[in-house]
Amino acid sequence: MSNQEVILRFNEVSFGHGHQKPILNEVDFSVRRGSKMTLMGQNGAGKSTIFQLITGALSPDSGAVHLDSGLTVAAAKQVIPRVESQFTLREFFQNCFKEKVYDIDPKIDEVLKVVNLSADHDRLIKAFSGGQQARLLLASAIIQNPDLLLLDEPTNNLDKEGIAHLTQFLVDYQKTCIVISHDADFLNTFTQGVLYLDVFTRQVEQYTGNYFDLLKEITARIERENRKNAQLQKRISANKEKMNYFANKGGKMRLVAKKMRSKAEEMEEAKVDVRKEDKTIRHFAIPCQQDIGGEILKITSFSVMEKHRSVKKAASISLRKKERLLLVGPNGIGKTTLLEALASGKAKGAKIAPDIQVGYYRQDFSTLNFEDTVWQSLSSVAEGLSEESVRSLAAGFLITGDLMYSK
């Protein structure tokens, strides 16, 4: 079949979570066989919703999503569901298929090579590090060998080696893929086109080229629109001055003023809506705990994984007030294990000073209760903060309105 064949088309697709939360408004775009597209847009604009509409997990409120007859689609999730964390590696991959695959072990070995990972097929998913789980999520989509591959933030939690491996895979990939990502350098290595979901118009703009081409085109368009609006505003202002002059003259001059008023209104309508800037998360500061000083953290030893064995290493690391420590290393070496041990106070060879408050952000979101609303999650840990302060904090991360009561 020709690579110019359209295999996916959105035809005036609208979707929302009720009338109060519209996401897509009569969206139109198409994807051709063999193309590599980037789906971009502000956080919360609805990119993942578009993926769910493609896979059939969601249905449009109006319009239609057309897939080529017999087209197979696979999507890589961002997080492994909790129930699947208890699966063995073999069970995890078997769960990717609707029917049992009897010769799955060779397929697993093959796809693990693609994501640069080696593991026993009986190993539990929960035993893998966050970065390794990110590779497994990618592998879970690739193993299905779909006609259309959907990747949602695939570089999240990957180390440099993992990103490089994924990048080369996508460069060599012969089938169609759509990728959601904010990593411009990653995207520019393989992207042939961009689908930009505008959070304000709730429509998708389709561009040819990579992310940098998109930025150039948008910048040029904004400059053109601003110039046009400035010229129109200048003519409108001059017109209004003449209009007021003639209106005060009375008689036939008032008819001239009326025509000029109509002309000014036409020019106002001719103004274009200049593309609005995407909202971004507000700058924030983590407040420093009062009445602390001296050494806050002391690490004298830690463990790393070498050849699937835990190896103890000596260290002399000290952390004081307002100092920062960057923890780096390849996926699976034990970075998350160390942080988790420090946060729980169970780290051997490390000591946190008494009365120090410890905050811990996990990459797999396992500290969150998915049955809680956003408000419940925030208020449960916001000791001493008023409701207004909690809402203000949430708004800084673009969580407002009804989102506060979403799970």
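Taken together, the values in this text are just the output of simple stated rules run on the coordinates, not laboratory data. Only a predicted model underlies this, so the values are computations on that prediction, with no experimental measurement involved. Virtual Cβ from ideal backbone geometry, glycine too; neighbours counted across all protein chains shown.
Okay, here's what the table says:
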quantity	calculated
DSSP bridge pairs, the chain: antiparallel proportion in percent, nearest 5	65
Formal net charge of residues neighbouring Thr208 (Cβ-Cβ distance under 15 Å; K, R +1; D, E -1)	+1
Electrostatic dipole magnitude of the stretch 6-214 [Cβ: Lys, Arg +1; Asp, Glu -1; Cα centre; debye, to 20]	260
Bins of 5 Å, starting at 0 and running to the largest distance - Cα pair percent for the stretch 329-407	3, 12, 18, 19, 15, 13, 13, 6, 1, 0
Under 19 Å from Lys234, Cα to Cα: aspartates and glutamates that are on another chain or at least 8 residues apart	Glu223, Glu225, Glu265, Glu266, Glu268, Glu269, Asp273
Cα-Cα over 30 Å, subset of Lys77/Lys346; Lys126/Lys407; Lys47/Lys175; Lys77/Lys100	Lys77/Lys346
Residue with peak Gaussian network fluctuation, the chain [Cα springs, cutoff 10 Å], from Gly46, Gly359, Gly131	Gly359
Neighbour-limited loop hits for chymotrypsin sites (Phe, Trp or Tyr not before Pro), the stretch 56-119 (at most 16 other Cβ within 10 Å; DSSP other than H, G, I, E, B)	Phe97, Tyr102
Nearest-ten-degree value, helix 335-344 long axis tilted from longest Cα axis of the chain	80
For the stretch 143-249, size of Cβ-based charge dipole, Lys and Arg +1, Asp and Glu -1, in debye	1380
Stretch in the chain that is longest and holds no GluC sites (Glu not before Pro) that DSSP places in a loop and that have at most 16 other beta carbons within 10 Å	100-276
P(r) histogram, all alpha-carbon pairs of the stretch 12-127 included - 10 Å bins from 0, percent	10, 33, 29, 22, 6
Mean residue ellipticity (222 nm) of the chain, computed from DSSP H runs ≥ 4 via -39,500 (n - 2.57), nearest 500	-11000 deg cm²/dmol
Gaussian network model of the chain, springs between alpha carbon atoms under 10 Å - residue of Leu117, Leu24, Leu151 with greatest fluctuation	Leu117
Selected from Tyr405, Thr219, Leu187, residue furthest toward positive end of dipole (the chain; charges at beta carbon)	Thr219
Anchor Lys259: lysines whose Cα lies under 16 Å away (excluding residues fewer than 8 positions away in-chain)	Lys240, Lys242, Lys249
Total charge dipole magnitude, the chain, about the Cα centre, Cβ charges on Lys, Arg, Asp, Glu only, Debye to nearest 20	1620
The chain: equivalent-ellipsoid semi-axes (sqrt of 5 x gyration tensor eigenvalues, Cα, Å)	48, 32, 19
Top of Gly334, Gly396, Gly294 by mean-square fluctuation, Gaussian network on the chain, Cα under 10 Å	Gly294
For Phe302, net neighbour charge (Lys/Arg +1, Asp/Glu -1) across residues whose Cβ lies under 9 Å away	+3
Mean shadow area of the stretch 6-214, taken as a quarter of the surface of its Cα convex hull (nm²)	11.8
DSSP beta bridges in the stretch 6-214 [antiparallel fraction, %, rounded to 5]	50
Residues Ile333, Ile50, sorted so that the one with the fewest Cβ neighbours within 10 Å comes first	Ile333, Ile50
Alpha-carbon centroid distance for the pair the stretch 334-376 / the stretch 184-229, whole angstrom	39
Formal net charge of residues neighbouring Phe15 (Cβ-Cβ distance under 13 Å; K, R +1; D, E -1)	0
Cα Rg over Rh - the stretch 293-356, Kirkwood	0.97
